[in-house]
Amino acid sequence: MSTPSTQRDGFTSSFGVLAATLGSAVGLGNIWKFPYLTGANGGASFLVVYLLATLLVGLPVMIVEIMLGRRAKANAVTTLERLAPRGQPWWLIGAMGGLAAFLILAFYSEVAGWVFAYVFKSAAGHVLTTDPAVAGAAFEHMINSPFEALLWQWAVLVFIGAIILMGVSKGIEAVTKRLMPVLFLLLIAIGIRSMTLPGAMAGLHFLFAPDFSKITTATVLTALGLAFFKLSIGMGTMMTYGSYFRDDQNIPATATRVMLADLTVSILAGIAIFPAVFALGFKPEAGPSLLFITIPAVFANMPGGSVFLVVFFVLTAIASTGAMLSLLEVPVAVLSEKFGWSRIRSVVVSVLLLAALGSTAALSHSLLADVKPFGMTFFDLYDFLSSNIMLPLGGIGLAIFVGWVLGKNQTIDALSNGGVLANAGVVRVVVFLLRWVSPVLIALVMLKGLKDF
């Protein structure tokens, strides 16, 4: 299907494509969620299941989401309007993805605000303590302070908005090309330091020696959910970034590199965290508190820990930056292309709306703690609606659209760059997974989330 040719900003190099797409996939989930879920679900055995889940669910949907964006060269809503048969409302998937990205940013920007705050707090020595109770009290004080919670959230939104204002090539691509290599270097540095601690081998054994007797149905569903959400699919980000891909970019190869690099970041985070956790006698299944309570206590017990604690939160801030850039670009692209707004107006309006909506998430631990629609705080509600309903529905919709509506021939043509690349066999495997495997597995993840609710 031919698409209108318009002068749009886009990525300018293969490394820029890889860095920006990886920046979208890598986020707090790699540094925070992946380690604590791995710790709570048996270590290495969970890692094996997660890898299989990524191949069956995450990677195929990621490939076709990027493909759709490049095919139409448009935002998530317009992309599906252009590619769908006339009169069929597939554009609703793009609209739902855009709304999901907005809701995710509403609470994600608050967590990112905590991370940025901890860069400065750790540099000042305010959170470096060997007592997890003291670390916990410091964290509670921060999230329970309405002023501090809003200050850091809004500061992060302004920071991300300023980068988005610079455009795709001079903003998103330029920043992620510099930040992603730094992220890897910092993770490797902390990992090397962590492995030199006495008793660190127990952490490596936990991470790399699987005990398959620990695998349960809940473990498999948790791995499936993490594989789906951690690659930034189903929320319009990969479709939007795909629209900025160059026409000669090999999408299956790029997506596979992103998946492998994303997995590498997660494993490096595990190497940085688990040897130190085991060496110093902490619990690997500490849960969400691992990042803000356990980690400061771990580094405080380590020679030179004050320096490495700052480095750890700097790399975590870098990870959250790449993810937020891709999330904010989704509504900005829709507003600028669907409504003809300037990029400046689109960014300013998006940031202001996010500051207003996000404030309800930021105040969920203080002024609005007792306001609980559907029995949840605003923070938890936005997380639940996006993660458990919108993203799975979007993923199922995309799988069905490409597998059954767009058709194998168009998919082969788009992913082979008009027949230039000889990867028709890969495409057939992708289409098979999208038709018969991915929707079923994503539906199971969604049902698990609804059952938990």
Check: Out of F116, I93, L47, whose Cα points farthest toward the positive end of the dipole of region 47-131 (charges: +1 Lys, Arg; -1 Asp, Glu; placed on Cβ)?
Finding: I93
Next item on the list: Among the listed pairs K372/K451; K338/K408; K33/K177; K73/K338; K177/K230, give every one whose C-alpha distance is greater than 22 Å.
Entry: K338/K408; K33/K177
Next item on the list: Measure nothing but the geometry: give the 0 to 90° angle between the long axis through the Cα atoms of 146-165 and the longest principal axis through the Cα atoms of the chain, rounded to 10°.
Entry: 40 degrees
Checklist line | Mean separation of Cα contacts under 8 Å, 6 or more apart, over the residue count of the chain: relative contact order % | finding: 33 percent
Next item on the list: Describe numerically, in nm with one decimal, the distance between label points set 7 Å from Cα along Cα→Cβ at F339 and at L352.
Entry: 1.0 nm
Notebook entry, point to check: Angle, helix 132-143 long axis vs. longest principal axis of the chain, Cα atoms, 0 to 90°, nearest 10?
Noted result: 50 degrees
Note to self: Going 7 Å from the Cα of A209 along its beta-carbon direction, which residues of region 12-46 have the amide nitrogen within less than 20 Å of the resulting point?
What the structure shows: 38-46
Next item on the list: Kindly provide the chymotrypsin sites (Phe, Trp or Tyr not before Pro) of region 290-379 that DSSP labels as loop, not H, G, I, E or B, and whose Cβ sees at most 11 other Cβ atoms within 10 Å.
Entry: F339
Margin query: To the nearest 20 Debye, how big is the dipole of the chain about its Cα centre, given +1 on the beta carbon of each Lys and Arg and -1 on that of each Asp and Glu?
Written below: 920 debye
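Assuming a ≥ b ≥ c are the square roots of the Cα gyration tensor eigenvalues, decide whether region 188-229 counts as rounded (a/c under 1.5), prolate (otherwise, with a/b larger than b/c) or oblate. The partial results should precede the final answer.
Details: a/c = 4.96, a/b = 1.82, b/c = 2.73.
Verdict is oblate for region 188-229.
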Next item on the list: Using label points projected 7 Å from each Cα along Cα→Cβ, tell me how many nm separate I188 and N409, to one decimal.
Entry: 4.8 nm
Notebook entry, point to check: Helix-derived [θ] at 222 nm for the chain: sum -39500 (n - 2.57) over DSSP H runs of at least 4, divide by residue count, nearest 500?
Noted result: -22000 deg cm²/dmol
Note to self: Taking the 0 to 90 degree range and rounding to the nearest ten, how far is the long axis of helix 174-195 tilted relative to the main principal axis of the chain, both from C-alpha atoms?
What the structure shows: 40 degrees
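No lab work stands behind these numbers, since they all come straight from the coordinates. Everything numeric here is computed off the predicted structure, so don't read it as measured data. Counting neighbours? That spans all protein chains shown, and the Cβs are built from the backbone with ideal geometry, glycine included.
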